[in-house]
Structures are given as structure tokens and as C-alpha cells.
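Values quoted throughout were computed directly from the atomic coordinates according to the rules given, and no laboratory measurement underlies them. All values reported here derive from a predicted model rather than from experimental measurement. FYI the Cβ positions are ideal-geometry reconstructions off the backbone, even for glycines, and counts take in every protein chain you see.
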Amino acid sequence: MKKILLALMLALTLPASFNGACGQTAEVTQLILNIEKLNQLRKILQELKDGYQILVKGYDTIRDLSRGNFKLHEAFLDGLLEVSPAVKNYKRVADIVRFQLLLVEEYQTAFGRLSSTDYFNQDELNYMSRVYSRLINQSLNNLEALTMVLTAKKLRMSDDERLSVIDQIYEDMQQKLQFLRHFNATASVLALQRGKQANDVEMIKKLYDVQP
């Protein structure tokens, strides 16, 4: 670079007659063109440098924002692990527990009454027992799901999502209780019918016994 500037200065300070020489004029012209190209190159490099700095600054900004968003996201997810009082005190939670108690109580009462009669054979009683067992086991699964929803640090769910799950458990437990009552009522009607038939048969036997 210093050599180029020195050549240019020498060319400018030479006498006009000397500068008029064709070869030297061409050399000076070439030097001027080279300097212009050098200045253009410097300008391009400076623009590249400025662009790189903007890019780095933008990356740092995005990185910082991303870190901030991650912290917010992390705090949000941690919050989803907590269970609010509104969820814990939801009326249907107590109703679900009450349904479970009714299921156990009504199943035991009905099965004890039906199995104490002579109106059902062993295969029928075994079938009833399987129906009751399956029903109770499914209801216990519902209670386990309810416990998960109501226990902190177990599930990442919003309050609305937790309440929605509780509603689903409530409806399922309600349907199970309705099914149990319908099943018990059907079995009771069948027992009454068979009891009546047995009484009719007994009466017929007595009538035949009194005949001459």
C-alpha cells in the first residue's frame, strides 16, 4: 500500500513534460484504478463487518429472548404441577368419593341378599360376582385417576384440564352406580319371579296332596 501511494505522489510531482510520456501516464492511470478498487474493497469489507456485527447482535438478542421465554415456559410448566384450591374443593370430587362408597355398599347388600336365597344356582352367582368385581375394580381405577389429578407434582395440567378430567370421572362413576342399581333391580325381580314360581309349585303340591 505504501509503495502504491509513493508511486502516485512521485507521478504527481514530476514535470509536465515527463508526465506526458505515454508509458508513465499509463502507469499512473493504472495506479489510480488500483487505488479506486482498493477503496471499493475497503468499503465492501466495512459493509460485511457492519453486517456481521448486526447479525451477532441480532443473534444475541434472539438468544436472550429465547432464554427468557424458556424460563417463562419452565415456570409455566412448574405451575401446571401444582393443584389449586379451586380444583381440590371442586364439588364433584366429594361426589365421586360418595359414589364409590355407594357402589361398595349397594353391591355388598344386594349380593348378600341374592346369594342367600335358593333362587340362583352357583353359575349364576359366579356370574354376578364377576360383574360386581369388574365394576368395583373399574371404579377403583377412577379413584386412582382422581388421586393423580389432585396430587401436586404428578401431572402437568391446567385447572381447566384437571376439572375436565374430574368431570369425566364423575360421569363415569355416575353411570357405574346407575348400572349397578339396574343390575341389582333386574336380579331382584328375577328372584321375586322365581320365588313366586316356587310358591306356586308348592301350592300345587299341597293341592295334590289333599286330593283323595
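Couplings 3J(HN,Hα) of the stretch 108-119, computed from phi: 5, 5, 5, 5, x, 5, 5, 6, 7, 8, 9, 8 Hz, in residue order, whole Hz [Karplus 6.51 cos²θ - 1.76 cosθ + 1.60, θ = phi - 60°; x for Gly and Pro]. With the simple spin-label model, which puts each label point 7 Å out from Cα in the Cβ direction, the Arg113 to Arg130 separation comes to 2.5 nm. The Gln122 and Arg181 beta-carbon pair, evaluated with R₀ = 25 Å, returns a calculated FRET efficiency of approximately 0.55. The stretch between Gln193 and Asn141 holds 15.2 nm of extra length on full extension. This uses 0.36 nm per residue minus the Cα-Cα distance.
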